[in-house]
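The values are calculated or read from the model by the stated rules, or taken from the named source; none is laboratory data. Keep in mind it's a predicted model, so treat the numbers as computed, not measured. Here Cβ is always computed from backbone atoms with ideal geometry, including for glycine, and neighbour counts include all displayed protein chains. Areas reflect the complete protein model, heavy atoms only, side chains present, ligands, DNA and RNA absent. Shrake-Rupley method; radii C 1.70, N 1.55, O 1.52, S 1.80 Å.
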Protein chains: 4
Amino acid sequence: MCRWLAYSGQEIFLEELLFKPQHSLVEQSQHAVEAKVATNGDGFGVGWYGQREEPGLYRETMPAWNDCNLQHLASQIRSSHFFAHVRASTGTATSRANCHPFSYKHWMGMHNGQVGGYEQFRRPLEAFITDEHYTKRMGTTDSEALFYMLFNFGLEENPVNAIRKMVETVETLQAERNITEPFRCTMAITDGDRLYCLRHSSDRFAPSLYWRYKDGDLVVVSEPLTDDQEGWNKVPASHVLVAHNSNVKEIVSLKV
Amino acid sequence: MCRWLAYSGQEIFLEELLFKPQHSLVEQSQHAVEAKVATNGDGFGVGWYGQREEPGLYRETMPAWNDCNLQHLASQIRSSHFFAHVRASTGTATSRANCHPFSYKHWMGMHNGQVGGYEQFRRPLEAFITDEHYTKRMGTTDSEALFYMLFNFGLEENPVNAIRKMVETVETLQAERNITEPFRCTMAITDGDRLYCLRHSSDRFAPSLYWRYKDGDLVVVSEPLTDDQEGWNKVPASHVLVAHNSNVKEIVSLKV
Amino acid sequence: MCRWLAYSGQEIFLEELLFKPQHSLVEQSQHAVEAKVATNGDGFGVGWYGQREEPGLYRETMPAWNDCNLQHLASQIRSSHFFAHVRASTGTATSRANCHPFSYKHWMGMHNGQVGGYEQFRRPLEAFITDEHYTKRMGTTDSEALFYMLFNFGLEENPVNAIRKMVETVETLQAERNITEPFRCTMAITDGDRLYCLRHSSDRFAPSLYWRYKDGDLVVVSEPLTDDQEGWNKVPASHVLVAHNSNVKEIVSLKV
Amino acid sequence: MCRWLAYSGQEIFLEELLFKPQHSLVEQSQHAVEAKVATNGDGFGVGWYGQREEPGLYRETMPAWNDCNLQHLASQIRSSHFFAHVRASTGTATSRANCHPFSYKHWMGMHNGQVGGYEQFRRPLEAFITDEHYTKRMGTTDSEALFYMLFNFGLEENPVNAIRKMVETVETLQAERNITEPFRCTMAITDGDRLYCLRHSSDRFAPSLYWRYKDGDLVVVSEPLTDDQEGWNKVPASHVLVAHNSNVKEIVSLKV
């Protein structure tokens, strides 16, 4: 389980959301309150759109709370569209390549959750990644595999549908093996303009996911950044929040 | 604040105390219960006496709980006398040289606590380190400075007295500057045979420290390794536990 | 390209071969003379048989020459059978999981070389790894894939034959794709007693590999550990050196 | 010994100088040609002026050539005034705090060279650092001590004079102890606008230092970035190059 944050809005320093709020993402790396574990100290990452079409990435294996480079970068880098993620490993190694977000060309994705029984269908699941994308894979996490699967499912044409197929595929692979451990997942995907945030679980316990639109800025985040809950809306389970830049366009059910 | 463990007894694999107990030291790195913070994820270290007169050291900046090397080493290295430490930084950088234990020749030390107002008297305190030891200093923590001061105070001749002088010196430096933040400290020092474990605070809140002697083995540790408290004795505040190998010889008051 | 060393003989401290010789393996990490690159600074690893049936591993992403932990461990750990490896990445990420040696149960392997056109047949090559072994794979290198393929090819029954099939398989995969970049490779495999060291290339430029038997101790190494070449024998190209503990039993041609 | 680069001119992506030239600074991290050692793999750092009065810093213990974060940052961060440094340790630990550049408020400095006999006068030299600056010191290198000494010597009022006093002080400390090992040094200091680059040695072997002014851009660098030497000027030994933004104002002798 992990905690993450997606931002779209006016250009701000990353530290405005990573460090400054009461319950900032870096604070959540030590004191998450809505996750199974309080500590998300198995690496972290930020990905931001800035001077290039492709996003910049900074991923590190240390805990976010004690990385001096992150403090420097977050106080220097401005962006109007960025992701940040603090990781709690469910077993795979702590390496930079296993830290989120992942990027491919101008796309970027990150994930939180667990894929029940993943070790039993790691290879069949990877078979849904095209050869082109398979060679770009840098790490070994289920998260990165899910990200690359989306391209095969039409991410570039119909992102919501690609996400839907990804969920169906995982659950079919689980069902074929009579796996009863759940598939719980939040995921954020962007092409730099459009943002897609999934909240889902195969059981009743979808990981928490909130969004807030305020003064032209959109934040989607695992846990509210403020102690009071005002202005924070839950993304319903098994729904995808769709935004164009900072504007929430719709919140679509996974069911058709 | 940090958590630590000192062992003396029959030769065992390090993992017997680092990983296997319910509330093992590695478990304490994520879920400390008697410390100001639950997470001790700013590096860790082990130091053990084995094949050489000087101890071996393995110190790393990652959290202990996700270091695969530590798992390997703890399952391969056997020792009858070792230290282990998980760190929660109070401000200094996370580097290997700032991780405990520290060693000098056949001596080894580790520390937990806070030196109130340290930044105000860092240099006067360092002036109590001899030139010979000053050049051996690798890091920048207060902990390492306290360790090297001990040699100037006669550690090799009378360790309890050296510890006493160290405490007096810190508190004098604080008093001279009207510093009211406390000096809270637990510390373990060994020459490979003899073990000295200090528990002290200038106020009423000395950090927790326990010891257990069982079947010929001595463990001194920040928090009991088992959920039930049976067999665990508190070291009284402002006292030094003195052991020769696994035998507790005395528990001496700092006051003369 | 990388440099490696395999030892079998009397129990010695690892530092006897890693640090002390004129042209020790750690020296080779900065100043290799028979490799395409002088610097092998993209991580390193040691694996040793000691107190357990399974080997211990210490792998790190820093260069071997400046890792203070390695110095400590090499001066404390004794073994009669160990591997060591310094890495020069040919493209995959620098992570611990991508450092050699790799281990599976009581088996251990390490590799040096290049698999020409690997990215074009990464997935078909991985298809030769059984499901059981596939889930144990921790990293993303070609080296680790080659190691796990061996089990499918009968490593546990007939290691030389498994190595032969591995070479044939890679070269078949290359030929099917008209890949002209060579497959150059040295590889060491052991079960803790028996040692198999391959030197091979699909062209005339097999990476260097030497062995020396002296006073009951066997060393197989990418480059001689001493400046003079006395006592060092080249492993012929496309041959496998087979030893039982420190005794060289045969040097077998890959051709049947 | 290390290699470094200082840039002032039009705003460019850091990668334009760090990665793209034939003999870029990252190339110099593996293949320096005018240094005592070819490999500068003991950490690196970049410091740049951008969105804030204080510079941003990114310092890492891995070799520059295999740090994927550096590639990302250098392709995203633009600056008109920046420093970069690749480190070859002369003994002190590889930690981020020991990597250059160092910063204090809006000042930044970096260093290459050796302070002969430093261990014999580490503390007397540190006595030249004011208390205010001493508490800001994060690492343990001679380089960082030299940087902080400058403030005591009037860096903010007369930088050239402060540099002169620093050199005199080191050489006096050496002379008092009859140290014959040389003080060899290049150093770059900036407040974000003005740039001061020292090249000096107490013997005849000052480390190499070059500057090039071309099309409004100034580069000062340990080794030319291009294979041909055209346009590259040597900074004379025992001189300080003084620039205001990209304009070289004077090249001043240390002798008065």
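How about the range A:112-211: which chymotrypsin sites (Phe, Trp or Tyr not before Pro) there are in a DSSP loop, with at most 11 other Cβ atoms within 10 Å of their Cβ?
Sparse-neighbourhood loop chymotrypsin sites (Phe, Trp or Tyr not before Pro): A:PHE205.
Counting pairs of alpha carbon atoms under 8 Å apart in space and at least six apart in sequence, what relative contact order in percent does chain A give?
For chain A, the relative contact order is 21 percent.
Using Cα pairs under 8 angstrom and six or more residues apart, how large is the relative contact order of the range A:114-256, in percent?
Relative contact order comes out at 18 percent.
Which trypsin sites (Lys or Arg not before Pro) in the range D:158-256 sit in a loop by DSSP (not H, G, I, E or B) and have at most 16 other Cβ atoms within 10 Å of their own Cβ?
Passing both the DSSP loop test and the Cβ count: D:ARG177, D:ARG204, D:LYS255.
I need the shape label for the protein assembly as shown. Rule: rounded when a/c is under 1.5, else prolate if a/b > b/c, else oblate, with a, b, c from the alpha carbon gyration tensor.
Rounded is the answer for the protein assembly as shown, as its axis ratio a/c remains below 1.5.
Where in the range B:189-213 does the amide nitrogen come within less than 15 Å of the point 7 Å from the Cα of B:ILE251, taken along Cα to Cβ?
B:196-201, B:206-213
Angle, helix B:159-176 long axis vs. longest principal axis of chain B, Cα atoms, 0 to 90°, nearest 10?
Roughly 50 degrees between the two axes.
7 Å along Cα→Cβ for the label point: how many nanometres lie between A:TRP232 and each equivalent label in the other copies, listed shortest first?
3.3, 5.6, 6.3
Looking at C:VAL248, C:ASN112, C:PHE44, which one has the Cα that reaches farthest to the positive end of the dipole of the range C:3-253 (charges on Cβ: Lys, Arg +1; Asp, Glu -1)?
C:ASN112
Express the relative contact order of the range A:62-137 as a whole percentage, based on alpha carbon pairs under 8 Å and six or more residues apart in sequence.
After rounding, I find 18 percent.
When all protein chains stay in place, what accessible area (Å², nearest 10, 1.4 Å probe) is found for C:ILE251?
60
What is the dipole size for the protein assembly as shown, taken about its Cα centre, with +1 at each Lys and Arg Cβ and -1 at each Asp and Glu Cβ, in debye to the nearest 20?
Dipole of the protein assembly as shown, to the nearest 20 debye: 0 debye.
List the GluC sites (Glu not before Pro) within the range D:114-168 that DSSP assigns to loop and that have no more than 15 neighbouring Cβ atoms inside 10 Å.
Listed in order of number, the matching sites are D:GLU156, D:GLU157.
Please work out the FRET efficiency for the pair D:THR172 and A:ASN178, using the Cβ-Cβ distance as r and a Förster radius of 60 Å; give the result to the nearest 0.05.
0.15
Give me the net charge of C:ASP203's neighbourhood, meaning all other residues with Cβ under 15 Å from the Cβ of C:ASP203; Lys, Arg count +1, Asp, Glu -1.
Local net charge: +2.
Just tell me which aspartates and glutamates come within less than 20 Å, Cα to Cα, of D:LYS249; anything on the same chain fewer than 8 places away is out.
D:GLU156, D:GLU157, D:ASP191, D:ASP193, D:ASP215, D:ASP217
What does the charge count around B:GLU54 come to, taking other residues whose C-beta lies under 14 Å from its C-beta (Lys +1, Arg +1, Asp -1, Glu -1)?
Charge balance near B:GLU54 sits at -1.
Quick one: label points 7 angstrom along Cα→Cβ at C:GLU11, distances to the other copies in nm, smallest first?
0.7, 6.5, 6.6
In nm, to one decimal, how far is the D:LYS214 label point from the B:ILE12 one, both placed 7 Å along Cα→Cβ?
The answer from the label model is 6.6 nm.
Looking for one value pair here: nearest-to-axis residue in chain A (by Cβ) for the rotation onto C, and the distance in whole angstrom.
A:SER95, 2
Give the residue from A:LEU14, A:GLY231, A:ALA188 lying farthest towards the positive end of the charge dipole for the range A:3-253; charges sit on Cβ (+1 for Lys and Arg, -1 for Asp and Glu) and the dipole is referred to the Cα centre.
Positive-most Cα among the choices belongs to A:ALA188.
When the helices in chain D are scored as -39500 (n - 2.57) per DSSP H run of 4 or longer and the sum is shared across all residues, what 222 nm value do you end up with, to the nearest 500 deg cm²/dmol?
The helix-only estimate for chain D comes to -6000 deg cm²/dmol at 222 nm.
What number comes out for the charge environment of D:LEU173, summing +1 per Lys or Arg and -1 per Asp or Glu over other residues with Cβ under 13 Å away?
Combined, the nearby Lys, Arg, Asp and Glu give -3.
What are the label-to-label distances in nm, one decimal and shortest first, from C:THR135 to the same spot in the other copies, with labels 7 Å along Cα to Cβ?
Label point to label point, same position, other copies: 3.0, 5.6, 5.7 nm.
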